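Bear in mind these aren't lab numbers, they're just calculated from the coordinates by the rules spelled out. Here the structure is a predicted model, which is why all the values come from computation and not from measurement. We place every Cβ from the backbone using ideal geometry, glycine too, and count neighbours over all the protein chains shown.
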Amino acid sequence: MDEKKDFVLVTVSGPDRPGITAAFSRILVENQVEIVDIEQASLQDFLGLSFLLDMSGAKQSKDGVLKDLLFEASRLGLTLNFRLYSEQEVKARNSKNLFVLTYFGDTRALAEISNILGEENANIEMITNLTRHCASCVELTIDVKDVQNLSRLKERVIASSHKLNIDLSLQKMEAYRKNKRLVFFDMDSTLVDMEMINEMAQRAGVFKEVSRITEKAMRGDIDFEESLTQRVALLKGLRVEELEKIRNEMKLSEGAEDLVSTLKNLGFRVGLVSGGFDYFSDFLKEKLGLDFAYANQLEIKNGSLTGKVLGRIVDNTYKAKIVNMVSEEEGVLLDQTVAIGDGANDVLMLGQAGLGIAYNAKERLERAASMSLGRARLRNILYILGISEEEMGSWSVCEAPA
């Protein structure tokens, strides 16, 4: 026996003008037809309107309601199509697992990414342009219900973003996606376009020795705490005057100051969690008006470094703990936090936050991140956070260099 087709999907298209939605909804009210789902979009002056109707309680026959809608569409110069559904079909289509993929690129980016989505069986539900004057920032709502391997999908789209030299994020569609309130930055090579310990090593005349230890840590031969202890020991005797020169010559990453200023003006709490040193992080906290700064404390005696670090070392695990601690102190859910970093020491911090952003980072970090962000493109974070171009002022992605 055929299932009863009490649901109708109606699609309307044509020239847009005021009063179209009102005209169709009036007919539905008169016929006691309920709208189950609705979506409307207007591209330039062309309208696309879809609504799913429950016809089970209609005042007149299904054919009569559809005839009235078709007549109204004809009067308004619009095209109307419809398709019948059963309750079981509607329920099956509503069991979705939605993610939002946002990319910053051109038509080639859309072609490459949509091809990957198709091959991985991810269905594009909606496409939205987030910029008014160019299609440089596009948001795809995708259903991954039938995707066999979500990790592989993520790896493929991020690899594609590197090949195309564009920024890309993949986030689960959830209530807190655009309700972030607390932002954690790494310092070296993230908020600051420098590695402070390298600058210190240069001035102490031990750059090669420090670099060798850094390479060993990057290979995983020694952990971060041991590598930091060894490198700081080599800096023994470096004068505070040299640290001050480095601090005064500190170069912020391109767009960092504008990003922090915009976030602060919009009420975000913003701070640093760094495996670097407090001598520099405290300076940045004051300079940028940050709400907090956590970093390793250098021991200084008689105007020189002693080669020791005081207190607990801010490593991968402690960074994640700080994210939890500050979130609790601020009364902010972890889902409402953002963490931005570039290295292996940021993996747990990015994984802990609601939105983890890998900035100009290596593959290992990107596996823990929701967004892959290229160097000098910090502004793109604002679009991911749902901040409008009006709130950004003139600082929009359309004006970014290619």
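What's the magnitude of the charge dipole for the stretch 101-172 around its Cα centre, counting Lys and Arg as +1 and Asp and Glu as -1 at the beta-carbon? Answer in Debye, nearest 20.
Value, rounded to 20: 140 debye.
Relative contact order of the stretch 96-207, please, whole-number percent, based on alpha carbon pairs below 8 angstrom and at least 6 residues apart.
On the way: 138 pairs, mean separation 34.0, N = 112.
Relative contact order comes out at 30 percent.
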Could you work out [θ]222 nm for the chain from helices alone, using -39500 (n - 2.57) per DSSP H run of at least four and dividing by all its residues? Round to the nearest 500 deg cm²/dmol. -11500 deg cm²/dmol
Computed E for GLU119/LYS208 - FRET, C-beta separation, R0 41 angstrom, nearest 0.05: 0.30
Just LEU305, LEU78, LEU170 to compare: in a GNM of the chain, with alpha carbon springs under 10 Å, which one fluctuates most? LEU78
When the expected Rg is taken as 2.2 N^0.38 Å, what fraction or multiple of it is the alpha-carbon Rg of the chain? 1.25
The stretch 7-93, Cα convex hull volume normalised per residue, Å³: 82 Å³
What do you get for the angle between helix 256-265 and the principal long axis of the chain? Use alpha-carbon atoms, 0 to 90 degrees, nearest ten. 60 degrees
LYS264: which lysines have alpha carbons under 25 Å from its alpha carbon, excluding same-chain residues fewer than 8 sequence positions away? LYS178, LYS180, LYS251, LYS285, LYS287, LYS319, LYS321
Long-range HN-HN contacts of LEU47 with modeled amide H, under 5 Å: GLY14, ASP16
Between PHE71 and LYS301, with labels modelled 7 Å along Cα→Cβ, what's the label distance in nm to one decimal, could you check? 9.6 nm
Which three extents, in angstrom, do the Cα atoms of the stretch 191-240 have along their principal axes, listed largest first? 31, 26, 17
The stretch 1-35: which trypsin sites (Lys or Arg not before Pro) are DSSP loop and have at most 15 other beta-carbon atoms within 10 angstrom? LYS4, LYS5
Computed over the stretch 182-369: relative contact order in percent, which uses C-alpha pairs under 8 Å that are six or more apart: 24 percent
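Only Lys, Arg, Asp and Glu count, each charged at its Cβ (+1, +1, -1, -1), so figure out the dipole size of the stretch 88-219 about its Cα centre, rounded to 20 debye.
Here the size comes out at about 300 debye.
Rounded to two decimals, what is the ratio between the C-alpha radius of gyration of the stretch 140-270 and 2.2 N^0.38 Å?
On the way: Rg = 20.3 Å, N = 131, 2.2 N^0.38 = 14.0 Å.
Normalised by 2.2 N^0.38 Å, the Cα Rg of the stretch 140-270 equals 1.45.
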Taking R0 as 25 Å, what's the FRET efficiency between LEU150 and GLU226 from their Cβ-Cβ distance, rounded to 0.05? 0.10
Cα convex hull of the stretch 96-172: how many Å³ per residue? 74 Å³
Residue by residue through the stretch 274-289, what is 3J(HN,Hα) from phi via Karplus (6.51 cos²θ - 1.76 cosθ + 1.60, θ = phi - 60°)? Round to whole Hz and write x for glycine and proline. 10, x, x, 10, 5, 4, 9, 5, 5, 5, 5, 4, 6, 4, 9, x
Just need the relative contact order of the chain here, percent rounded to a whole number, with Cα pairs under 8 Å and 6+ apart. 14 percent
Sum of side-chain charges, PHE268 neighbourhood, beta-carbon under 11 Å (Lys, Arg +1; Asp, Glu -1): +2
Provide the FRET efficiency to the nearest 0.05 for the SER86-ASN165 pair, computing r from the beta carbons and using R0 = 41 Å. 0.30
Where both partners of a DSSP beta bridge lie in the chain, what percent of those bridges are antiparallel, to the nearest 5? 70 percent
Order these peptides, 12-25, 344-357, by their mean beta-carbon neighbour count within 10 angstrom, highest first. 344-357, 12-25
Against the globular-protein guess of 2.2 N^0.38 Å, express the Cα radius of gyration of the stretch 182-369 as a ratio, rounded to two decimals. 0.99
Size of electric dipole in the chain: Cβ of Lys, Arg +1 and of Asp, Glu -1, about Cα centre, debye, nearest 20: 460 debye
